[in-house]
Amino acid sequence: MAIHKTEAIVLKKMDFRDTSLIVTLFTRDFGKVKVVVKGVRKESSSDLVHFEILNQLNVVFYEKKKTELHLLSESFLQDPMLSSRSSFRNLVFGAYLAELVDATFEPHQISKNIYDSFYCTLKNMEKDVFYFWILYFELRFLKEVGWFPNFGKEIDVKHADEHKIVWSSEQGGVVFLDSPINSTNAWNLEKEHLELLRDLNSRVFQDVMEPLADSAHLRAIEKVIREFIHYRLDRPLKTERFLSKSQIFIRENKVSELEV
């Protein structure tokens, strides 16, 4: 069995037998791996806290060649990602990103770009730039997996008829239509939304980040991009259903500091 050491972010965990866990990790050097963590649920163990979702770890694991289930030897809690737990909203969106990575990447499919983007987003979930960093991850994710949408470069925003600028998931992004919309996955875009999409596209692929402050337009764009991702996945994510319910809960209870 080969022995590997790497950084990893916890995507999910499940109980295994009486005292162990199966943990799904997204590692920087070996992609997505599942490991057995033996005895970690014993009362005498102090390491259970390491395997909370979104934690960043340094791990050592034994790779088994005949199975996708490997054996964890050592783990060190490198970063508990406190910003991702600072509010209910942050935790829900963090879980959504974790499930997105888990649903998309095959075992041992390596993407250091996505790992670094995931880590950067979790570290920067600050209140006033929250949606920028979610979009930062989503757009870089779409680029990496080959699903990047069309942002209508051919459309002259200044002279275009706003009522004909449309976002269509089925047609791959921004389109200019002469006929009415006839799709549940399409809707009109305001010119401000299209300009913001293009601005985001230039910002999120820069080496030096210049985050945009949260706004109603930015939240609307994030929802558009998230629904585009779900259309391309062709199946619902469990966290998205929970996210929708949590948004209703937050609005009904008027918890403004957790507004999504």
Original post:
Fewest to most neighbouring Cβ within 10 Å: what's the order for VAL204, VAL157?
Top reply: VAL157, VAL204
**OP:** State, as an integer percentage, the relative contact order of the chain based on alpha-carbon contacts under 8 Å between residues 6 or more apart.
**Re:** 15
Original post:
Among VAL157, LEU77, PHE137, whose Cα lies farthest out toward the positive end of the dipole of region 53-162, if unit charges sit on the beta carbon of Lys, Arg (+1) and Asp, Glu (-1)?
Top reply: LEU77
Original post:
Distance in nm between label sites at ASP199 and GLU170, each 7 Å beyond Cα in the beta-carbon direction?
Top reply: 3.2
Original post:
Can you sort VAL23, VAL33, VAL60 so the residue with the fewest Cβ neighbours within 10 Å comes first?
Top reply: VAL60, VAL33, VAL23
Original post:
Near LYS66, which lysines are there with a Cα under 26 Å away, not counting those fewer than 8 places off in the same chain?
Top reply: LYS5, LYS12, LYS13, LYS32, LYS34, LYS38, LYS112
Original post:
Relative contact order for region 2-80: what is it in percent, counting Cα pairs under 8 Å that are at least 6 residues apart?
Top reply: 32
Subject >> Alpha-carbon Debye profile of region 86-134, log10 I(q)/I(0) at 0.24, 0.25 Å⁻¹ >> reply: -0.91, -0.97
Original post:
Once the chain is represented by equal point scatterers at the alpha-carbon sites, with solvent omitted, what log10 I(q)/I(0) does the Debye formula produce at q = 0.07, 0.08, 0.09, 0.10 Å⁻¹?
Top reply: -0.28, -0.37, -0.46, -0.56
Subject >> Test item: Cα-centred dipole of the chain, Lys/Arg +1 and Asp/Glu -1 on Cβ, debye >> reply: 960
**OP:** Taking a cut-off of 19 Å between Cα atoms, list the aspartates and glutamates near LYS191, but don't count ones fewer than 8 places away on the same chain.
**Re:** GLU154, ASP156, ASP161, GLU162, ASP178, ASP199, ASP214, GLU222
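Would you mind getting me the FRET efficiency between LYS5 and LYS123? Use the beta-carbon distance for r and R0 = 30 Å, nearest 0.05.
Details: r = 22 Å, r/R0 = 0.73.
Rounded to the nearest 0.05, the efficiency is 0.85.
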**OP:** Find out how many positive minus negative residues lie around TYR119, taking Lys and Arg as positive, Asp and Glu as negative, among other residues whose Cβ is under 10 Å from that of TYR119.
**Re:** -1
Original post:
Using r as the Cβ-Cβ distance of ASP102 and LYS158, and R0 as 30 Å, what FRET efficiency do you calculate, to the nearest 0.05?
Top reply: 0.10
Original post:
Based on DSSP H runs of at least 4 residues, each adding -39500 (n - 2.57), what is the mean residue ellipticity at 222 nm of the chain after dividing by all its residues, to the nearest 500 deg cm²/dmol?
Top reply: -11500 deg cm²/dmol
Original post:
Among the aspartates and glutamates, which fall within straight-line cross-link reach of LYS65, defined as a Cα-Cα distance under 18 Å, with same-chain neighbours fewer than 8 residues apart omitted?
Top reply: ASP29, GLU106
Original post:
Would you list GLU63, GLU52 from fewest to most Cβ contacts within 10 Å?
Top reply: GLU52, GLU63
Original post:
Which values, in whole Å and largest first, are the semi-axes of the equivalent ellipsoid of region 2-80 obtained as the square root of 5 times each eigenvalue of the Cα gyration tensor?
Top reply: 17, 15, 11
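Read the figures in this text as sums done on the coordinates, not as results from a lab. As the structure is a prediction and not an experimental result, all values here were calculated from the model. So basically every Cβ, Gly included, is an ideal-geometry build from the backbone, and we count neighbours across all protein chains shown.
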